[in-house]
1. Of everything in segment 46-59 that's open to solvent by 50 Å² or more (accessible area, probe 1.4 Å) and touching a residue at least 12 places away in the same chain (Cβ under 8 Å), which residue is farthest from P83 (Cα to Cα)?
2. (1) farther than 30 Å from H203 by Cα; (2) open to solvent by less than 80 Å² (accessible area, probe 1.4 Å): which one isn't true of W25, the others all being true?
3. Only one residue in Y210, Y206, Y136 is open to solvent by 50 Å² or more (accessible area, probe 1.4 Å) and aromatic (F, W, Y), so which one is that?
4. Output the number of the condition that L223 fails; it satisfies all remaining conditions of (1) open to solvent by less than 20 Å² (accessible area, probe 1.4 Å); (2) over 27 Å from K120 (Cα atoms); (3) among the aliphatic types (A, V, I, L, M).
5. Taking K181, is it among the basic types (K, R) and open to solvent by 50 Å² or more (accessible area, probe 1.4 Å)?
6. Which of the residues belonging to segment 114-132 are within 14 Å of K175 (Cβ to Cβ) and either open to solvent by 20 Å² or more (accessible area, probe 1.4 Å) or touching a Ser or Thr at 6+ places or on another chain (Cβ under 7 Å) (or both)?
7. Kindly check whether there is at least one residue in segment 197-205 that is among the hydrophobic types (A, V, I, L, M, F, W, C) and at pLDDT below 95.
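The values are calculated or read from the model by the stated rules, or taken from the named source; none is laboratory data. The structure displayed is predicted, hence computed values, not measured ones. A quick note on method: Cβ atoms are made from the backbone with ideal geometry, for glycine too, and the neighbour counts reach across all protein chains shown. These accessible areas exclude ligands, DNA and RNA; they are computed on the full protein's heavy atoms, side chains included. Shrake-Rupley method; radii C 1.70, N 1.55, O 1.52, S 1.80 Å.
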Amino acid sequence: MLSNSSVAQLSATVEIDLDKKSHDWDGFGVNYVEVRHTRDYQEFQQDYGGLKYLDEQERRQVIELVFGEDGLKPAIIKMFADPFMEVENDNDSPYDLDLTKFDHTTTTKWMRYFASEGLKESRKWGRDLVFFAGLYGPPAFTTKQKVLRGRDLDTSMKEEVAEFIVAWAKYLIEKEGFNVKYISLHNEGEDQRRWTGDGWDHHSLYHHDYNMWWRNHQIVDWLKYAKNVLYHNNMLDVKLTNGENNRWNRLNDFFNW
């Protein structure tokens, strides 16, 4: 055991060689959050970002402030997939995507506007953008609770979750013309405390985003089987990521809950 005095005497030298490339760096990114909280889109057509409340001149100002010559100049845009995109299972095979059975447009009008206009503005100044297809929340039928924002993954539906987010990536590539380079599994899905004790979505929790609770072993499993869904749809250029944690330590803290 080291004493305080011996610890104080320890030292290390760190050298940073900016000419040595360790890995590719895509850069910093932005995202437009449109549908985030509403539990009934027909009742409340939420636009959390607010573009629909602006006129076209004001929207152009937003695009220029973010993507323009004197703007933030991001390199990445994350595109969230909300659980309204597939209310019922499209078919019996998670490897056979039928995009006609998904609704990728109703809840994403202003997110797609933000991304497409941002891409045009970026290219006008000689830049391009990389896109993430991010899973905000999976369909209710893929959860054990069988409700919107159910907490727990129904493991018999795990490939269907992979199909759901791969379908979103495929749509963005084929219909919107976006360079989708990555799929992100979840957004702050490591925290078990965002549900009732049995995993339901009580009205007192409606301020939370769409999510599912992802345990660390489920994330590792996801990285294996989701690759098969990409392979069967000839999308191996799209890479998988382990999601975006609120705090990394929660993957361990909440594992045994």
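1. Let us first name the residues in segment 46-59 that are open to solvent by 50 Å² or more (accessible area, probe 1.4 Å), namely 48, 52-58.
Adding the requirement that they be touching a residue at least 12 places away in the same chain (Cβ under 8 Å) leaves 48, 52.
Details: Y48: 16, K52: 21 Å.
By that ranking, first place goes to K52.
2. Evaluating W25 over (1) farther than 30 Å from H203 by Cα; (2) open to solvent by less than 80 Å² (accessible area, probe 1.4 Å) leaves (2) as the failure.
3. Values: Y210 fails: open to solvent by 50 Å² or more (accessible area, probe 1.4 Å); Y136 fails: open to solvent by 50 Å² or more (accessible area, probe 1.4 Å).
Going through Y210, Y206, Y136 in turn, the sole match is Y206.
4. (1)
5. Details: among the basic types (K, R): yes; open to solvent by 50 Å² or more (accessible area, probe 1.4 Å): yes.
So K181 passes the test.
6. Hit for segment 114-132 is S116, nothing else.
7. As a first pass, look at segment 197-205 and keep what is among the hydrophobic types (A, V, I, L, M, F, W, C): 200, 205.
From what is left, the residues that are at pLDDT below 95 are 200, 205.
Within segment 197-205 (the criterion being among the hydrophobic types (A, V, I, L, M, F, W, C) and at pLDDT below 95), the answer is yes, since at least one residue qualifies.
Residues checked against (1) of a type in the set (D, E); (2) in contact with a Phe, Trp or Tyr (Cβ under 6 Å, 6 or more places away or on another chain):
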| position | (1), (2) |
| --- | --- |
| E64 | yes, no |
| I77 | no, yes |
| F80 | no, yes |
| D90 | yes, no |
| S93 | no, no |
| F102 | no, no |
| E117 | yes, no |
| D128 | yes, no |
| L135 | no, no |
